[in-house]
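What follows is one structure encoded as structure tokens, with my remarks underneath.
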Ligand SMILES: NC(=O)c1ccc[n+]([C@@H]2O[C@H](COP(=O)([O-])OP(=O)(O)OC[C@H]3O[C@@H](n4cnc5c(N)ncnc54)[C@H](OP(=O)(O)O)[C@@H]3O)[C@@H](O)[C@H]2O)c1
């Protein structure tokens, strides 16, 4: 306020902002969406977007704007028709959310009631290890999330928003091999939500774990199996929307909804266990391990509990037994990563022929490091290309390190 604006008739009251109660919009007044408002979902024609759209109007019709680059497919068109028949106005918009002009143009072409909510669920998944990540590949994964979030914010800046939800991923929370670009894109959404909140605007970024039956994670069954093997469980869609309701009724800027078994996670990612940010989960995993029995075969507890039972037994064994034990361990861990019965793994069959890809090789390397107590190069598996050759090398290294 300028000095000249202060008059005797207008007393100025100074108070500590921290003593004032926060004022924030209510996401769903009366526990449901406003019938006279519009809600915009980017990625709204995708699996999660469309499912959420159906959920959003379950308590009563409103106006939905579903946005994606392509026109709705046959199945999506049928589901949209069902929503329309139930009284919801559904507008579909074909545009790239990362293109600011296209987005504002497309929204301007519609005559809408005030937009009261945004869900930014547009995104793509394109796995690549850091070594194979290209600038184009990185930009392709970043753009819909990062530029998309900024463009949606700009396009709705003058709208009376009750909520602005960003669909982030658990990849941003704990990172996953091969998902550096995807993790970065989603971490941006988390920071974006915090930045909006600091400016007094509604925002919630949800770091979803992989969805069970629908969406881009479920499209690759093997991905789900591999994540489960590493302790990352799947989220059911009904459960997810209940969580989202609760989060919207709460006061969060970033929240995760991802079932995680910490023991399995540390088993597959021993490097995480050493990081300070994982301390509390690590303590939880250690506690579970301590109360466990020695007969547990589901996880390689050496990695979690640090007991090193396998390693101690290996070093104490006779040379001939050492080799057999190392071979058995390599086959066991390779079987776990490849989702094959260890007994069915041919000792002389190259890893590549067994189906090991670069992501799996990193996971196997991590597990071998934990079991054998060694630091191993990511290329070691390819250099000693079969389970037996690798086992012999690991046994030699373990014995050298101990002598
Ligand atoms: N499914 C999961 O398990 C999971 C887990 C964690 C987080 N998430 C996040 O949840 C969101 C939805 O995932 P989903 O499983 O529903 O994937 P989906 O079925 O592939 O839907 C994503 C939608 O985004 C649209 N899209 C992509 N790039 C776009 C762009 N530049 N502009 C406009 N639309 C764009 C796609 O349509 P077009 O290709 O036609 O544009 C697609 O319909 C994603 O952001 C994803 O990262 C999903």
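Readers should treat all values here as calculations from the given coordinates under stated rules, not as data from a laboratory. Everything numeric in this text was worked out from a predicted model, so none of it was measured. With ideal geometry, Cβ positions are generated from the backbone for all residues, glycine too; neighbour counts draw on all protein chains shown.
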query: How much length is gained if the chain between residue 150 and residue 18 is pulled fully straight, taking 0.36 nm per residue apart and subtracting their Cα-Cα distance, in nm to one decimal?
result: 44.6 nm
statement: Helix 74-85 sits off the longest principal axis of the Cα atoms of the chain, rounded to the nearest 10 on a 0 to 90 degree scale, by 40 degrees
- prompt: Does anyone have the angle between helix 135-155 and the longest principal axis of the chain? Alpha-carbon axes, 0 to 90°, nearest 10?
  reply: 30 degrees
- prompt: At residue 324 and residue 89, where each label point lies 7 Å from the Cα along Cα→Cβ, what is the point-to-point distance in nanometres?
  reply: 7.7 nm
field: Over the chain: Rg over Rh, Cα atoms, Kirkwood Rh
entry: 1.08
- prompt: By how many nm would the segment from residue 243 to residue 9 grow when fully extended, if each residue of separation counts as 0.36 nm and the alpha-carbon distance is taken off?
  reply: 79.3 nm
- prompt: At what distance in nm do the modelled label points of residue 271 and residue 252 sit from each other, each positioned 7 Å from its Cα along Cα→Cβ?
  reply: 2.8 nm
message: How far apart, in nanometres, would the label points at residue 280 and residue 341 be if each is projected 7 angstrom from Cα along the Cα-to-Cβ direction?
response: 4.3 nm
Estimated FRET transfer efficiency (residue 396, residue 349; beta-carbon r; R0 25 Å; 0.05): 0.70
statement: Here the FRET efficiency for residue 383 versus residue 139, based on Cβ atoms and R0 = 35 Å and rounded to 0.05, is 0.60
message: Output the 0 to 90 degree angle, nearest 10, between the alpha-carbon long axis of helix 358-372 and the longest principal axis computed from the alpha carbons of the chain.
response: 50 degrees
Protection proxy ranking, peptides 387-396, 224-233, average beta carbon neighbours within 10 Å, highest first: 387-396, 224-233
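Going by C-beta contacts inside 10 Å, put 91, 321, 363 in order with the fewest on the left.
So the residues, fewest neighbours to most, are 321, 91, 363.
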message: Rounded to whole Å, give me the distance from the Cα center of the range 204-276 to that of the range 90-164.
response: 23 Å
